[in-house]
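The values are calculated or read from the model by the stated rules, or taken from the named source; none is laboratory data. Nothing here was measured: the structure is a model prediction, and the numbers come from that model. All Cβ positions, even for glycine, are placed from backbone atoms using ideal geometry, and neighbour counts span all protein chains on display. To get the accessible areas, we keep the full protein, side chains included, count just its heavy atoms, and leave off ligands, DNA and RNA. Shrake-Rupley method; radii C 1.70, N 1.55, O 1.52, S 1.80 Å.
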Amino acid sequence: MRRTEPKKAKGSSKLGLFLKITLILATSALICVAAYAVYLTKQAEEAVNSAYEVIENREVSEKREVKVEPVKDNVSILFVGIDDSETRGQGAEGSRSDALMLATLNNKTKTIKLLSIPRDSYVYVPSVGYKDKINHAHAYGGTKASIETIEELLDIPVDYYVRMNFNAFIEVVDALGGIEVEVPYAILEKDEFDRNTVNLQPGLQTLNGQQALALARTRKQDNDIERGKRQQEILKAIITKTASASALTKYDDVLEAIGDNMKTDMTFKEMKSFISYLSNGVPRIDSLTLQGYDDMSTGVYYYKLDEESLKETQHILQSHLGLIPDTSNVSELPTNDLNEHTQSDILSATDSQ
């Protein structure tokens with residue numbers, strides 16, 4: 001007697017087919033993700049290699065005995081924003097710096113201290129041997145002169161630099177799909193071509209690259225301290241957007257945007273080390289400011305730094321880098337109200353000084 005096999009239920013058959021298709025699709029997706037990750041890694045390596053530029057005779061800071069390793073050491077990074085456009089610029093190394101921000105990164109706590117340095121700060125510039133506005137240092141001796149000036153001012157080593165012009169800034173923000181930032185007041189500001197085309201209204205909003213640059217540069221209605229705070233918030237917004245899942249598919253455009261508009265002395269391997277700071281989301285970023293006062297006694301506007309504020313800032317940064325014992329829990333310095341004469345007429349005049 002022939003033995004008949006029991007018929008399989010149609011539902012069971014369909015379920016098996018569904019599971020097979022799901023498995024195939026999941027495997028395909030994993031392969032695509034892996035391939036994309038390899039592609040991005042290769043693209044990133046090529047972009048960083050293109051941007052890599054070591055400063056002559058400066059393999060390691062004079063304030064370090066040996067070169068740091070970001071994977072295990074606390075490090076500092078100087079961000080230099082320059083305007084090397086045809087209208088204002090004189091070439092990448094001959095331009096004055098338009099923005100200076102120093103970040104210290106603590107490898108143990110995975111925290112960041114971010115200091116904005118007012119561009120008109122009256123400081124000693126080692127490359128020329130006298131005091132001048134800190135943004136002039138870059139025009140005197142390029143990135144190297146800016147680094148030496150910062151090290152002299154803050155008494156800490158500058159381990160790495162990132163120099164970026166306005167084109168890179170605009171393209172990176174655009175590649176990320178814009179960044180969410182609070183606009184403090186109505187702004188009519190120049191674009192990257194010095195045309196009064198950027199019109200912003202107050203409030204939290206998503207800005208494109210051109211708008212973000214205008215917000216970062218404006219100081220017509222307040223002062224350099226507030227300008228520095230805005231630049232810090234913009235940098236935080238870029239970090240937040242970069243760390244978000246929505247930015248994953250945009251990394252290719254970000255890497256392409258960097259192109260020839262950025263220079264750094266970080267290798268690709270060193271840069272990858274900083275990914276650990278994003279392992280638990282956006283790291284804690286404490287904003288620091290330098291207190292001071294306005295000075296027009298010579299007929300030229302300078303921002304004179306308050307010595308006590310400067311010493312406190314030095315202490316915070318040195319402690320965060322592990323150069324001295326941590327004896328304070330101070331995470332942010334208070335800002336001071338500038339004198340009455342720091343108005344738009346003075347600030348607009350300083351743009352040409």
Exactly one condition in (1) open to solvent by less than 60 Å² (accessible area, probe 1.4 Å); (2) within 19 Å of G81 (Cα to Cα) is not met by K190; state its number.
(1)
Cβ contacts < 8 Å: first residue of a type in the set (D, E), restricted to the stretch 184-213; second residue open to solvent by less than 70 Å² (accessible area, probe 1.4 Å) and part of a loop (DSSP other than H, G, I, E, B), any location; separation 6+ or different chain. Result?
E189/T218; E192/S85; D194/S85
Hey, can you tell me all the residues within the stretch 273-323 that are assigned to a strand (DSSP E or B) and either in contact with a Leu (Cβ under 9 Å, 6 or more places away or on another chain) or open to solvent by less than 20 Å² (accessible area, probe 1.4 Å) (or both)?
I285, D286, S287, L288, G292, Y293, D294, Y303, L305
